[in-house]
Amino acid sequence: MENRFVLIDAARHGDRTALERLLAESQPDIRRYAQTQCAGTSDADDAVQETLLLVYQRIGALRTITSFSAWVFAIVRRECSRLWRKMHGQTELPPDDHPAFIDRPELELRADLIAAIHSLPDRYREVIVLRDIQEYSIGEIAVELRLTREAVKSRIHRARLMIREYLED
């Protein structure tokens, strides 16, 4: 494991050989995980390719080397989810056992938060799910929903206000 941390750190700092080796070593794990997260084999293959590309492009933004696996698996989950939504033309909430909901310390808060998100109008729910649960960037949401960045920010702000009001009642 120590050797892997050295490899990740070198890749983060621009060592192209280390990055290529890291991607080659990570690909089997990424593929296995994508097969459990995506709807079909072709989606899993697409998610693997997108994940490898995003890791290649964004490895320098990784803050800590110990979070590499979690970061990569989050990318895989997001890609599988994006592919599923694209195929079905909709935005769905993740299941109640999604980590964004599980990590809440109080079960009542968790239930209230889920209900608050479900109560949002579709256009606000989709931006909150993409931003706060699936961790898309503002730019990624804008591209995904074909909106301006300003419209995305506005919808996120309004959705959070609605959630806050719901939770205060």
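The values are calculated or read from the model by the stated rules, or taken from the named source; none is laboratory data. Keep in mind the model is a prediction, meaning the values are calculated, not measured. Please note: Cβ atoms are built from the backbone with ideal geometry, for glycine as well, and neighbour counts cover all protein chains shown. Surface accessibility is based on the protein's heavy atoms, side chains included, excluding ligands, DNA and RNA. Shrake-Rupley method; radii C 1.70, N 1.55, O 1.52, S 1.80 Å.
For the reader, a short list of remarks on this structure follows.
- Relative to the longest principal axis of the Cα atoms of the chain, the long axis of helix 107-119 makes an angle of roughly 80 degrees.
- Simple rule: put +1 on each Lys or Arg Cβ and -1 on each Asp or Glu Cβ in the chain, find the dipole, and look at A11, Q27, I65; the Cα lying farthest toward the positive end is A11.
- Rounded, prolate or oblate (a/c below 1.5 giving rounded, otherwise prolate when a/b exceeds b/c) for segment 116-169 by Cα gyration tensor: prolate
- Gyration tensor (alpha-carbon) shape descriptor, the chain, a/c threshold 1.5: prolate
- Rounded tilt (10° steps) of 16-37 against the dominant C-alpha axis of the chain: 50
- Dipole of segment 126-169 computed with +1 at Lys/Arg Cβ and -1 at Asp/Glu Cβ about the Cα centre; of A159, V127, A142, farthest Cα towards the positive end is A142.
- Apportionment of accessible area to carbon and sulfur, the chain, percent (1.4 Å): 49
- Shape class of segment 11-51 from the alpha-carbon gyration tensor: prolate, with a/c at 1.5 or above and a/b greater than b/c.
- For the chain, calculated [θ]222 nm from helices alone, where every DSSP H run of n ≥ 4 adds -39500 (n - 2.57): -23500 deg cm²/dmol
- Rolling a 1.4 Å probe over the heavy atoms of the protein chains gives segment 21-80 an accessible area of 52 Å² per residue.
- The chain: angle of helix 149-168 to the longest principal axis, Cα-based, in degrees nearest 10: 60
- Table column - 3J(HN,Hα) (Hz), segment 54-64, Karplus curve with 6.51, -1.76, 1.60, x for Gly and Pro: 5, 5, 4, 6, 10, 4, x, 7, 5, 7, 10
- For segment 105-169, applying the loop criterion from DSSP together with a ceiling of 13 other beta carbons within 10 Å to the trypsin sites (Lys or Arg not before Pro) yields R146.
- Spacing of the modelled spin labels on Y166 and R21, each 7 Å from Cα toward Cβ, amounts to 4.9 nm.
- Whole-number percent relative contact order across the chain, with pairs defined as alpha carbons under 8 Å at least 6 apart: 17
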